[in-house]
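Reading through the structure tokens given below for one structure.
Throughout, read-outs are computed from the coordinates displayed, never taken from laboratory work. Small disclaimer: the values here were computed from a predicted structure and weren't measured. Cβ placement follows ideal geometry from the backbone for every residue including glycine, while neighbour counts extend to all protein chains displayed.
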Amino acid sequence: MGHIIKKILGDVEEDPTYEKMIIEDNSDGKVHIHVKNVRLDLTRDEFRILKNAILESHEKMKKYHGWKE
């Protein structure tokens, strides 16, 4: 496991038990997504693919449901 080089979402210093979602970019080239006792390890490319898929789905749902931001 590498050292945290960028805190993408949340902060382990403020939430050491990962009660809220925390996303960290690490020096080993992995992005870790933590929620409570679950940790998902992704490469930076895999994280980019997941992020893009979520954003695309969000845009489609906004159009389908008529959501405004």
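Which ones in the range 1-20 are surrounded by 14 or more Cβ atoms within 10 Å (Cβ to Cβ) and of a type in the set (A, V, I, L, M, F, W, C)?
4, 8, 12
Taking the stated definitions as given, is residue 27 in contact (Cβ under 8 Å) with a residue 24 or more places away in the chain, of a type in the set (Ser, Thr, Tyr) and exposed (fewer than 13 other Cβ atoms within 10 Å of the Cβ)? Please lay out each step first, then the result.
On the way: in contact (Cβ under 8 Å) with a residue 24 or more places away in the chain: yes; of a type in the set (Ser, Thr, Tyr): yes; exposed (fewer than 13 other Cβ atoms within 10 Å of the Cβ): yes.
For residue 27, the condition - in contact (Cβ under 8 Å) with a residue 24 or more places away in the chain, of a type in the set (Ser, Thr, Tyr) and exposed (fewer than 13 other Cβ atoms within 10 Å of the Cβ) - is met.
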